[in-house]
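Student: Just passing along the structure, written as structure tokens.
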Amino acid sequence: MTFQQQIQQGIPSELPRPKSYETAINHAPKRKEILNEEEKKLALKNALRYFEPKFHAELLPEFREELEKYGRIYMYRFRPDYEMYARPISEYPGKSLQAKSIMLMIQNNLSYAVAQHPHELITYGGNGAVFQNWAQYLLTMKYLSEMTDEQTLVMYSGHPMGLFPSHKDAPRVVVTNGMMIPNYSKPDDWEKFNALGVSQYGQMTAGSYMYIGPQGIVHGTTITVLNAFRKINKEPKGGLFVTSGLGGMSGAQPKAGNIAGCITVCAEVNPKITKIRHEQKWVDEIHENLDELIARVRKAQENEETVSLAYLGNVVEVWEKFDQENLKIDIGSDQTSLHNPWAGGYYPVGISFEDSNIMMAENPELFKEKVQESLRRHASAVNKHTAKGTYFFDYGNAFLLESSRAGADVLAENPTLGREFKFPSYVQDIMGPMCFDYGFGPFRWVCASGKPEDLQKTDELACEVLEEIMKNSPEEIQQQMQDNITWIKGAQENNLVVGSQARILYADAEGRMKIAEKFNQAIKNGEIGPVVLGRDHHDVSGTDSPYRETSNIYDGSRFTADMAIHNVIGDSFRGATWVSIHNGGGVGWGEVINGGFGMLLDGTEDADRRLKSMLFWDVNNGISRRSWARNEGAIFAIKRAMEAEPNLKVTLPNFVDESLF
């Protein structure tokens, strides 16, 4: 069968032969055993409902074995034989160009070059899934190959509920992931309902088909590192940045450090992913001996080198050893997946990677104890460095939250609403006031032709737009504009593409709309092929996350999720090609609600109309909320937006004289 025929077939009419478990692939760790016998039976029934009864007798023992061995039913047998990667949009079968663009993005999320655990359909973050099992993938791709522009595919946590009649201006796909009743949104609830096959953790851009490999977080981390050094009034050159995590998105950290121009030390316990990041040239050197690492860092400091050094081992050892050796760390953070602390997101110090994986599956309570013990040591070592002048910030991975729950010394001596911890979230002191409040966030696009020359052309067009806007930009956003012009000019030489021909930059509503207009005109003129627009959920409006995206909201509303819900509803009727709303992305189930979109530009007037309507709302919804929280940058930004658009009328806050209290 051809690739197109295999897509159109969906779930095969005859059972494919069982597939061997490929040990060379980076697999998800075994999940904890959480189901009782009755629930295991239910999980098997739930899995078998995708298949005709005549196959149940053969599949039942196989699925039972997967459930017992891995803690989940992945249906490995049904993994496609064709290579998984983002093909040019013209190679996908179907009646709708919009649907084809979604197929392209799904395959990009599951590409071996992009996905963290491709055989378990997990893109990044240890548990950020595109689907729960391979039957869902096969059925979804079949539906997309059949749909017209008068239908909408409804996705329930990876399960394709079906195609429903709609209209051409409706989204082609609507995605929800992990949208639990609030009282059933604890970490063990995820384990249970995911094992049952009824819910999944979509992370942010994993379950919304908009991940573009580590490039997205490279840019955000570069901006963060640059501004962190600005916070301490130091040039990055010769400065030392210490952090941890090379898997999934966090592998972008050393690359970002190189682009920013500092020395980066990034610890990682997984040998396989460390090797991959080195081969991908995302990290320059690998070190396994702490004494050798210290000597190398001192040499780099003396020579003011720009270099990234991976330490194959636990980051707690790095913080403690650097303290003993009195090695000055300028800025520090952590980007291990602490939203997922008990299932591979964070590994305890003093226990090998292999033994940790066994313990987390076979003795989860002891593993939890060891993780919390490690977090206490981790925080203690960080405190010793900050006492010497290190600027430490939480990178939104729930490090401070989980450390506080472990009893670590991370709470502020005199906590205030929104400033409960000793250290700021990077959004509180860097990204929030410097970017999000002004409407700047991670706008991204993918050239659906798959041609590098199309990407280069879009880079040039985006740069032209930004340089033109900057000529008349107010002083308040000149730095943001310049950082992104510098980024886009260096994007090609930094070799950031992994998987699809994609790009990201931080832009406000004006920049996003004007860049998208330029792209759509270039498509109409035949200069480039179709382009998929999107963004990270980690943006101005997309995410309500009290310890990350909305951590610089101080009016008490940071624990509400109105903004994210309104964001996705508004995007839906303003022209998005697909929309998604998730529970848990980035910082853990129950801790955040986040939404995203995808939009296909095809050179038509319809696309031009949709992009103007949707992109304006997608950004200004968040600026409005931030301005109502009395954030001065956001008040400035929303007033500018109202001057530019007469139909925009936003309620502005009045300030109270503090002396009245």
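The values are calculated or read from the model by the stated rules, or taken from the named source; none is laboratory data. In this text the structure is predicted, and so the values were computed from the model without any measurement. Note that each Cβ is placed from the backbone with ideal geometry, even for glycine, and that neighbours are counted across all protein chains shown. Side chains are part of the model used for accessible areas, which takes the heavy atoms of the whole protein and leaves out ligands, DNA and RNA. Shrake-Rupley method; radii C 1.70, N 1.55, O 1.52, S 1.80 Å.
Student: Are there any pairs, at least 6 apart or on different chains, whose C-beta atoms fall under 7 Å, with the first in the range 292-308 and over 12 Å from THR264 (Cα atoms) and free of Cβ contacts under 8 Å to residues at least 12 places away in the same chain and the second among the basic types (Lys, Arg) and open to solvent by 10 Å² or more (accessible area, probe 1.4 Å), and if so, which?
Tutor: Cβ pairs passing all conditions: none.
Student: Pull out all pairs, ordered by first then second residue, where Cβ-Cβ is under 6 Å, the residues are six or more apart or on different chains, the first lies in the range 317-338 and is open to solvent by 40 Å² or more (accessible area, probe 1.4 Å), and the second is modelled with pLDDT of 95 or more and not aromatic (Phe, Trp, Tyr).
Tutor: Between residues of the range 317-338 that are open to solvent by 40 Å² or more (accessible area, probe 1.4 Å) and residues that are modelled with pLDDT of 95 or more and not aromatic (Phe, Trp, Tyr), the close pairs are GLU320/ALA381; LYS321/LEU290; GLU325/ILE294.
Student: Let me ask something additional. Failed condition for VAL540, given (1) surrounded by fewer than 24 Cβ atoms within 10 Å (Cβ to Cβ); (2) hydrophobic (A, V, I, L, M, F, W, C); (3) within 29 Å of THR224 (Cα to Cα), with all others met?
Tutor: It is condition (1) that VAL540 fails.
Student: Given the structure, is LYS19 touching a residue at least 12 places away in the same chain (Cβ under 8 Å) and within 25 Å of PHE193 (Cα to Cα)?
Tutor: Criteria not met by LYS19.
Student: Right, here's the next one. Based on this model, can you work out whether THR386 counts as surrounded by 18 or more Cβ atoms within 10 Å (Cβ to Cβ), in contact with a strand residue (DSSP E or B) (Cβ under 7 Å, 6 or more places away or on another chain) and either more than 25 Å from GLY584 (Cβ to Cβ) or free of Cβ contacts under 8 Å to residues at least 40 places away in the same chain (or both)?
Tutor: Taking the combined requirement at face value, the residue does not satisfy it.
Student: Residues GLU362, GLU369: which one is open to solvent by 70 Å² or more (accessible area, probe 1.4 Å) and modelled with pLDDT under 95?
Tutor: GLU362
Student: Filter the range 1-19 down to residues that are assigned to a loop (DSSP other than H, G, I, E, B) and among the hydrophobic types (A, V, I, L, M, F, W, C) and give me whichever is surrounded by the fewest Cβ atoms within 10 Å (Cβ to Cβ).
Tutor: MET1
Student: Show the residue pairs meeting these rules: Cβ distance below 6 Å; 6+ apart or different chains; first residue within the range 442-463 and touching a residue at least 60 places away in the same chain (Cβ under 8 Å) and more than 14 Å from ALA522 (Cα to Cα); second residue part of a helix (DSSP H, G or I) and basic (Lys, Arg).
Tutor: PHE443/ARG512
Rundown of residues vs (1) surrounded by 20 or more Cβ atoms within 10 Å (Cβ to Cβ); (2) closer than 16 Å to LYS514 by Cα; (3) in contact with a Ser or Thr (Cβ under 6 Å, 6 or more places away or on another chain), yes/no style:
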{"residue": "CYS447", "(1), (2), (3)": "yes, no, no"}
{"residue": "LYS451", "(1), (2), (3)": "no, no, no"}
{"residue": "ASP454", "(1), (2), (3)": "yes, no, no"}
{"residue": "THR458", "(1), (2), (3)": "yes, yes, no"}
{"residue": "GLU475", "(1), (2), (3)": "no, no, no"}
{"residue": "GLN480", "(1), (2), (3)": "yes, no, no"}
{"residue": "ASN484", "(1), (2), (3)": "yes, yes, no"}
{"residue": "GLY490", "(1), (2), (3)": "no, no, no"}
{"residue": "ASN494", "(1), (2), (3)": "no, no, no"}
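Student: Would you mention how many residues in the range 129-144 are open to solvent by 10 Å² or more (accessible area, probe 1.4 Å) and of a type in the set (Ser, Thr, Tyr)?
Tutor: Residues flagged as open to solvent by 10 Å² or more (accessible area, probe 1.4 Å) and of a type in the set (Ser, Thr, Tyr) within the range 129-144 amount to 1.
Student: For residues in the range 570-586 being under 24 Å from ALA129 (Cβ atoms) and of a type in the set (A, V, I, L, M, F, W, C), which is surrounded by the fewest Cβ atoms within 10 Å (Cβ to Cβ)?
Tutor: VAL579
Student: What are the residues in the range 637-661 that are in a helix (DSSP H, G or I) and open to solvent by less than 60 Å² (accessible area, probe 1.4 Å), if any?
Tutor: ALA637, ILE638, ALA641, MET642
Student: Any idea how many residues of the range 20-48 are open to solvent by less than 60 Å² (accessible area, probe 1.4 Å), charged (D, E, K, R) and either touching a Gly at 6+ places or on another chain (Cβ under 8 Å) or not in a helix (DSSP H, G or I) (or both)?
Tutor: 2
Student: When the range 152-169 is examined, which residues are found to be more than 25 Å from TYR201 (Cα to Cα) and touching a Ser or Thr at 6+ places or on another chain (Cβ under 6 Å)?
Tutor: SER166 - this is the single residue of the range 152-169 that is more than 25 Å from TYR201 (Cα to Cα) and touching a Ser or Thr at 6+ places or on another chain (Cβ under 6 Å).
Student: Does LEU139 fit the bill of being over 21 Å from GLY450 (Cβ atoms) and in contact with a Gly (Cβ under 8 Å, 6 or more places away or on another chain)?
Tutor: Yes, satisfied.
Student: Here's another thing I want to ask about it. Which one of GLY570, GLY598 is small (Gly, Ala, Ser) and over 22 Å from ASP454 (Cβ atoms)?
Tutor: Unique residue meeting the criteria: GLY570.
Student: Is it the case that the range 153-162 has a residue that's at pLDDT 95 or above and open to solvent by 60 Å² or more (accessible area, probe 1.4 Å)?
Tutor: Yes, the range 153-162 contains a residue that is at pLDDT 95 or above and open to solvent by 60 Å² or more (accessible area, probe 1.4 Å).
Student: Across the range 510-519, which residue is farthest from the chain's Cα centre (by Cα) among those that are open to solvent by 10 Å² or more (accessible area, probe 1.4 Å) and either over 23 Å from SER101 (Cβ atoms) or not basic (Lys, Arg) (or both)?
Tutor: Checking each candidate, the answer is GLU517.
Student: Pairs needed: first member in the range 171-193, within 16 Å of ALA343 (Cα to Cα); second member anywhere, aliphatic (A, V, I, L, M); C-beta distance under 8 Å; at least 6 residues apart or different chains.
Tutor: ASP188/ILE34; ASP189/MET180; GLU191/ILE34; GLU191/ALA343; LYS192/ILE34; LYS192/LEU35; PHE193/MET180
Student: So is ALA491 at pLDDT below 90, of a type in the set (Gly, Ala, Ser) and either closer than 27 Å to PHE229 by Cβ or in contact with a Phe, Trp or Tyr (Cβ under 9 Å, 6 or more places away or on another chain) (or both) or not?
Tutor: The answer is yes for ALA491.
Student: Let me ask another. Only one of LEU375, LEU400 is modelled with pLDDT under 95, closer than 18 Å to GLY245 by Cα and in contact with a Ser or Thr (Cβ under 9 Å, 6 or more places away or on another chain). Can you tell me which?
Tutor: Result of the check over LEU375, LEU400: LEU400.
Student: Only residues in the range 46-72 that are of a type in the set (S, T, N, Q) count as the first member; pair them with residues that are in a loop (DSSP other than H, G, I, E, B), Cβ under 8 angstrom, at least 6 apart or cross-chain, and list the lot.
Tutor: Qualifying pairs under 8 Å: ASN46/GLY197; ASN46/VAL198.
Student: Shifting gears a bit: Scanning for something free of Cβ contacts under 8 Å to residues at least 24 places away in the same chain and in contact with a Phe, Trp or Tyr (Cβ under 8 Å, 6 or more places away or on another chain), does the range 367-380 turn up at least one residue?
Tutor: no
Student: Could you list, in sequence order, all residues of the range 587-616 that are in contact with a Ser or Thr (Cβ under 7 Å, 6 or more places away or on another chain), open to solvent by less than 10 Å² (accessible area, probe 1.4 Å) and among the small types (Gly, Ala, Ser)?
Tutor: Across the range 587-616, the qualifying residues are GLY595, GLY596, GLY598.
Student: Sort out which residues of the range 407-429 are part of a loop (DSSP other than H, G, I, E, B), open to solvent by 10 Å² or more (accessible area, probe 1.4 Å) and at pLDDT below 90, and write them in order of number.
Tutor: Correct list: LEU417 only.
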